[in-house]
Protein chains: 2
Amino acid sequence: MRERLAERLRLYVVTDRGLSRGRSEEEVVRAAVAGGATAIQLRGKDWSGRDLVAVGRKLRAITREAGVLFFVNDRVDVALAVEADGVHLGQEDLPLPDARRIMGPEPLIGITVQDEHQAREAEAGGADYLGTSAVFPTTTKVSGVPPLGLEVLEAIARAVRIPVVAIGGIGPHNAAEAVRRGAAGVAVVSAVVAAEDVTRAARELRAAVDAALAGRG
Amino acid sequence: MRERLAERLRLYVVTDRGLSRGRSEEEVVRAAVAGGATAIQLRGKDWSGRDLVAVGRKLRAITREAGVLFFVNDRVDVALAVEADGVHLGQEDLPLPDARRIMGPEPLIGITVQDEHQAREAEAGGADYLGTSAVFPTTTKVSGVPPLGLEVLEAIARAVRIPVVAIGGIGPHNAAEAVRRGAAGVAVVSAVVAAEDVTRAARELRAAVDAALAGRG
């Protein structure tokens, strides 16, 4: 699963029920996958374990059929229950060593980092990929952390060998810039799940990432 | 660990930071254990995974030293991370079969039930013990479920072979009645953690349970 992981992180779509215009996670994810999403993350911060498992199973089936990576945010137990490819953990979630011990060596673990120090620590601890704190200003997730900016993104990407996915305020207008600064791909919430045409929004983002990667050589 | 499980569920104290008068979980748990608590559950509904693991490790050390059972509410991953004796799951938490598959055969799993049907289902699914929905009126946990009353408690206890722990509005005045109706023990939150003298509150409850069990023969 680690083979060519970077390529499978080009367009990483994170679910958000509140932003989905009343559409279900399945509907949004099917449409995003049709537009070229390469990875999906189920995120439901206030959801019960039961709801996460129920929706997670559906997304696991869709992503498996499409050959798309599937991650669960925060909950290692839910990720294991639905046989996700891995889990994505923030700095307030289960510590990486505990998650790795519980999950075993196979599943992927992504860690959110906001600087080079956290990036190196996560890589040393066995993270498979990194997500950044918001690179650009965003209203989706209020974290209290100011946007990192492109220079910090670049510093993080240079600091580690594992793929780095840029997140936060990313759309077709700036996805290429994130890739030029070293990101393997971009993670988005509202730019895809809140779009009127989810497939088209995903397709445009994917095209921007692919073009920037081709240009990077 | 399943040997004599019922005896180890006589006085089951559930933590609640908001009710603890500013005392830490460790302080409350040490005092409760000194008063005869036989099982402790860490419950922190809105806590981050990181905080649950940090406090859980401390409670695991205290309970291990005291030979007291230690459970984590809701989060199977946290229970595994801190090497708790088991997890306690409500009907909205991870489904029992998933929890068992993730945890393996060894850890204990307790399930909250509100009627005989759920009780039989949980036992058939491999639950090790049951907790009831609130038997008496309580202000600690607003569940929307009306109090079960003693007759439903009795029906649940008769319906299964695994131990049943009565919870909800239980204090020294009615703990004995719950035991006479078939409960192996009582679970409490505020009756112990909100008490001015936690050790004394635990001691009184434990004495009431022990006396009722002796009388039940």
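Summary table below
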read-out: For residue A:4, net neighbour charge (Lys/Arg +1, Asp/Glu -1) across residues whose Cβ lies under 14 Å away; value: -1
read-out: Nearest residue to the symmetry axis between B and A, taken on chain B by its Cβ, in whole Å; value: B:77, 2
read-out: The range B:56-71 versus the range B:102-142: alpha-carbon centroid distance in Å; value: 21 Å
read-out: Other-copy label distances relative to residue A:207, 7 angstrom Cα-Cβ extension, nm; value: 8.0
read-out: Karplus (6.51, -1.76, 1.60) ³J(HN,Hα), θ = phi - 60°, over the range A:169-177, in Hz, Gly and Pro reported as x; value: x, 9, x, x, 6, 10, 4, 4, 5
read-out: Value of Rg/Rh across the range B:53-134 [Cα atoms, Kirkwood radius]; value: 0.98
read-out: Likely footprinting exposure, B:140, B:112, fewest C-beta neighbours within 10 Å first; value: B:140, B:112
read-out: Size of charge dipole - the protein assembly as shown - debye, nearest 20, with Cβ of Lys, Arg +1 and Asp, Glu -1, no other charges; value: 200 debye
read-out: Volume in Å³ per residue [convex hull over Cα atoms, computed for the range A:84-217]; value: 113 Å³
read-out: Exam field: residue A:95 pseudo-label spacings to other copies (7 Å along Cα-Cβ), nanometres; value: 3.3
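None of the figures in this text is laboratory data; all of them are computed from the coordinates on show. Everything numeric in this text was worked out from a predicted model, so none of it was measured. Reconstructed Cβ throughout: ideal geometry from the backbone, glycine too, with neighbour counts over all protein chains shown.
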